[in-house]
1. Listed residues Ala70, Ala77, Ala59; which is under 24 Å from Thr186 (Cα atoms), touching a helix residue (DSSP H, G or I) at 6+ places or on another chain (Cβ under 7 Å) and surrounded by fewer than 20 Cβ atoms within 10 Å (Cβ to Cβ)?
2. Please count how many residues of segment 2-57 are under 16 Å from Glu80 (Cβ atoms), in contact (Cβ under 8 Å) with a residue 60 or more places away in the chain and polar (S, T, N, Q).
3. Does Ile25 count as more than 21 Å from Gly143 (Cβ to Cβ) and either surrounded by fewer than 19 Cβ atoms within 10 Å (Cβ to Cβ) or touching a Phe, Trp or Tyr at 6+ places or on another chain (Cβ under 9 Å) (or both)?
4. Please pick out the residue among Val54, Val83 that is β-branched (Val, Ile, Thr) and within 18 Å of Glu176 (Cα to Cα).
5. Anything in segment 7-58 that is touching a Pro at 6+ places or on another chain (Cβ under 9 Å) and farther than 18 Å from Leu107 by Cβ? List them, or say none.
6. Of the residues Val17, Val108, which single one is under 14 Å from the mean Cα position of the chain (by Cα), of a type outside the set (Phe, Trp, Tyr), assigned to a helix (DSSP H, G or I) and at pLDDT 90 or above?
7. What is the residue count in segment 1-14 for residues that are part of a loop (DSSP other than H, G, I, E, B) and either touching a strand residue (DSSP E or B) at 6+ places or on another chain (Cβ under 7 Å) or under 16 Å from Ala116 (Cβ atoms) (or both)?
Amino acid sequence: MINLDYAFHHVECVAGVMTGRPGAIERMDISADGFWRSFSAIAVALPAMFFVWVMNARANQAEMTTLGIAPLVAGEAVFELIVWLLPVPVFALVLRPLGLGHRFVHLVIARNWANALFSYAIAALYVPYLVVADDNGAMMMLGGVLMVLILIAAVRLTRAALDSSMALAIAFIAGELIVSATLAITYVGIMGF
């Protein structure tokens, strides 16, 4: 069972890290138990992610009339879980040679709770699409601005979690983007969009 107080505390902490609040990362449960509990952020984010999956599936179904909503939502869910979980073992492999193995737990915990927060921010962006056209220019611009803000927040969070330079944090986020884009292209190819 998810402890909502625990979840809200950690979401508040990652928001504090992203906004530059001193000591926010130290207030998180940076322990072995905290590491495993941070994966409950997936369950915390599930309502927001499910909403986005359904919205994406509805948009994609217009192009793929042979598939129903359920297989498209399932595909979105699998893709989301891969993008969420795949970086964890990659971080374990990459951080040790960089001399940052001791910050692995910090990074995974902060990243998991940040992903929950980002999921709700992205879901909020989809709400207007319930009443406006999908090709609304203002909404597309707002989406672009939100993505830039999420990237900036992710860099700040990664820098604090790794206790590293801005350049290293940017390199980590750039690496994640490259892997995510590659996975997205592969996913689109498999799904046939």
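1. Numbers: Ala70 fails: touching a helix residue (DSSP H, G or I) at 6+ places or on another chain (Cβ under 7 Å); Ala59 fails: touching a helix residue (DSSP H, G or I) at 6+ places or on another chain (Cβ under 7 Å).
Answer to the selection: Ala77.
2. Summing the residues that are under 16 Å from Glu80 (Cβ atoms), in contact (Cβ under 8 Å) with a residue 60 or more places away in the chain and polar (S, T, N, Q) in segment 2-57 gives 0.
3. When the stated conditions are applied, Ile25 does not pass them.
4. After applying the criteria, what remains is Val83.
5. Across segment 7-58, the qualifying residue is only Ala57.
6. Details: Val17 fails: under 14 Å from the mean Cα position of the chain (by Cα).
It is Val108.
7. Residues flagged as part of a loop (DSSP other than H, G, I, E, B) and either touching a strand residue (DSSP E or B) at 6+ places or on another chain (Cβ under 7 Å) or under 16 Å from Ala116 (Cβ atoms) (or both) within segment 1-14 amount to 2.
One line per residue, one yes/no per condition, for (1) more than 24 Å from Ile82 (Cβ to Cβ); (2) within 17 Å of the chain's Cα centre (by Cα):
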{"residue": "Ala114", "(1), (2)": "no, yes"}
{"residue": "Ala121", "(1), (2)": "no, yes"}
{"residue": "Gly137", "(1), (2)": "yes, no"}
{"residue": "Gly144", "(1), (2)": "yes, yes"}
{"residue": "Arg156", "(1), (2)": "yes, yes"}
{"residue": "Ile185", "(1), (2)": "no, no"}
{"residue": "Gly189", "(1), (2)": "no, no"}
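The values are calculated or read from the model by the stated rules, or taken from the named source; none is laboratory data. Note that the structure is predicted; figures quoted are calculated from it, not measured. No Cβ is skipped: glycine too gets one built from the backbone with ideal geometry, and neighbour counts run over all protein chains shown.
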